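One structure below.
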Amino acid sequence: MNYSHIQKTDPEVHAALRGEELRQKNGMELIASENYVFPSVLDALGSIFTNKYSEGYPGMRYYGGQEFTDAVERLAIARAKALFKSDHANVQPLSGSPMNQAVYLALLKPGDTIMGMDLSHGGHLTHGHPVSHMGKLFNWIRYKTLPEEKGRIDFDELLKLAKEHKPKVILCGYTSYPRDLDYAAFKRVADEVGAFTMADVAHIGGLIAAGVMRNPFDYGFDILTTTTHKTLRGPRGGMILTKGKVGNPLKEVEFSRENLPTIIDRSVFPGLQGGPHMNTIAAIAVALGEVQKPEFKIYAQQVINNAKVLADELMALGCKLVTDGTENHMMVVDCVKSFNSHGKEMQEVLDEIQITTSKSPIPDDTMPPFKPSGLRLGTAAMTSRGLKEEEMKKIAHWIVEVAKKRTEKETLERIKKEVNELCLKFPVPGIE
């Protein structure tokens, strides 16, 4: 990549950029929440839109000179609506956490009740974990999965909890749950207690947009949130999509399902954020344009195909996976049962051979957060580089061999060389 200006003015930052470039080229990215953006996304992120302040919404800005910012934000909104089949999209959230916070603060008052998935069973910190501000602000009821039944969600128990606690919002979504979701069942529970339905699909947004995983709006959901930097291959940002009547976000409206688009817009701005990052919004528009192309659906299906092969091969080699397989782009290895190890140790030893992963809890994990029992793996990034089923089988064998021989220096050096050789055959998008 061209860093000519930085090279002249800041050699220390330039050295870090070049180092990261080499790390990405030579290594294998298996972190489920990471991906390689489309090269055109990098162009937009470093574009002239970086200079522009655009507080407000298209046609309703507080600063002048908005002809082209309005055009690019309207384009991002239109593309998001078409891909997810929604009535409205807000593309201004700075990332996943503020995206979800804007929804909670729009629909709830402090102390109100909301239901979300337990963190150790796959939920995210923003789904009510006590360490988060949202976990302290609202009354969270956390539901769990049934590990002994491949991670099935017990909707009879979910309904029982909902009737007992009367949540205003029922949230489904995850950060480490390798299954698709039964949105119709969540909707039935929510209707029983009069709750809003919210799906946080940050991990699988691209797979939903491509039509290879279920879309919550097909099952009558009220709100969908997604980050744009995982399976959508866009910049680090967030989107909130809603059903309902689109109104003027600068005017207060009656609190109702019909007015959700306006209520959400007002919660993002002026409620939570100031001026949006227009270079990021331009990059979101670019990414969504790529997602609309037929080639993206092929890519998304390959992501799932690769994950299934990787999961099946790991299990064939004796690994225990949470949910005993996968229906999306990720899987979680129980390192205690698989390797007599833990997630932190496995993450670190795989780092030594330049396979990058992330430690993860398993359901009802008894280990501490920084030393959990699981290891999360994802296939979106390496699929972006062109890897397919045969490479997934190699990866599974490397992981298991490293786990079994993690103290053998010569073995680690040999596998690292093999990893580097494979990675150099598959260029990183955007890095020449």
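The values are calculated or read from the model by the stated rules, or taken from the named source; none is laboratory data. Quick caveat: nothing in here was measured; it's all calculated off a predicted structure. Reconstructed Cβ throughout: ideal geometry from the backbone, glycine too, with neighbour counts over all protein chains shown.
Summary of computed values
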quantity: In region 196-218, the residues that are of a type in the set (A, V, I, L, M) and free of Cβ contacts under 8 Å to residues at least 60 places away in the same chain; calculated: 199, 201
quantity: Within region 71-94, tally of residues that are buried (at least 17 other Cβ atoms within 10 Å of the Cβ) and either among the small types (Gly, Ala, Ser) or more than 26 Å from the chain's Cα centre (by Cα) (or both); calculated: 4
quantity: Among residues of region 358-372, those that are touching an Asp or Glu at 6+ places or on another chain (Cβ under 8 Å) and under 20 Å from residue 312 (Cα atoms), counted; calculated: 1
quantity: Count of residues meeting criterion [touching a residue at least 40 places away in the same chain (Cβ under 8 Å), within 25 Å of residue 329 (Cβ to Cβ) and of a type in the set (Lys, Arg)] in region 136-187; calculated: 3
quantity: Filtered residues of region 300-322 (kept if buried (at least 21 other Cβ atoms within 10 Å of the Cβ) and either among the hydroxyl-bearing types (Ser, Thr, Tyr) or part of a helix (DSSP H, G or I) (or both)); calculated: 300, 303, 304, 306, 307, 310, 311, 314, 322
quantity: Single residue of 146, 108, 45 found to be among the aliphatic types (A, V, I, L, M), in contact with a strand residue (DSSP E or B) (Cβ under 9 Å, 6 or more places away or on another chain) and either outside the structural domain of residue 198 (by TED's automatic domain parsing) or closer than 24 Å to residue 269 by Cα (or both); calculated: 108
quantity: Test for residue 113: is it of a type outside the set (A, V, I, L, M) and free of Cβ contacts under 8 Å to residues at least 60 places away in the same chain; calculated: yes
quantity: Residues of region 106-136 satisfying the condition of being among the aliphatic types (A, V, I, L, M), more than 19 Å from the chain's Cα centre (by Cα) and surrounded by fewer than 18 Cβ atoms within 10 Å (Cβ to Cβ); calculated: 131
quantity: 1 or more residues more than 29 Å from residue 210 (Cα to Cα) and modelled with pLDDT of 95 or more: qualifying helices (runs of 4 or more DSSP H) within region 335-411; calculated: 335-339, 343-352, 389-404
quantity: Candidate set from region 218-260 (those that are of a type in the set (A, V, I, L, M, F, W, C) and farther than 21 Å from residue 175 by Cβ); member that is surrounded by the most Cβ atoms within 10 Å (Cβ to Cβ); calculated: 260
quantity: Tally of residues being part of a helix (DSSP H, G or I) and of a type outside the set (Val, Ile, Thr) across region 6-58; calculated: 25
quantity: Failed condition for residue 149, given (1) surrounded by fewer than 16 Cβ atoms within 10 Å (Cβ to Cβ); (2) in contact with a helix residue (DSSP H, G or I) (Cβ under 7 Å, 6 or more places away or on another chain); calculated: (2)
quantity: Only listed residue being in contact with a Phe, Trp or Tyr (Cβ under 8 Å, 6 or more places away or on another chain) and aromatic (Phe, Trp, Tyr), chosen from 62, 3, 104; calculated: 104
quantity: Every pair of residues 6+ apart whose Cβ atoms lie under 9 Å, when the first sits in region 63-81 and is on the phi < 0 side of the Ramachandran plot and part of a helix (DSSP H, G or I) while the second is among the aromatic types (Phe, Trp, Tyr) and buried (at least 17 other Cβ atoms within 10 Å of the Cβ); calculated: 68/49; 69/49; 70/57; 72/49; 73/57
quantity: Residue satisfying all of: in region 323-344; closer than 17 Å to residue 356 by Cβ and in contact with a Cys (Cβ under 7 Å, 6 or more places away or on another chain); surrounded by the fewest Cβ atoms within 10 Å (Cβ to Cβ) among these; calculated: 343
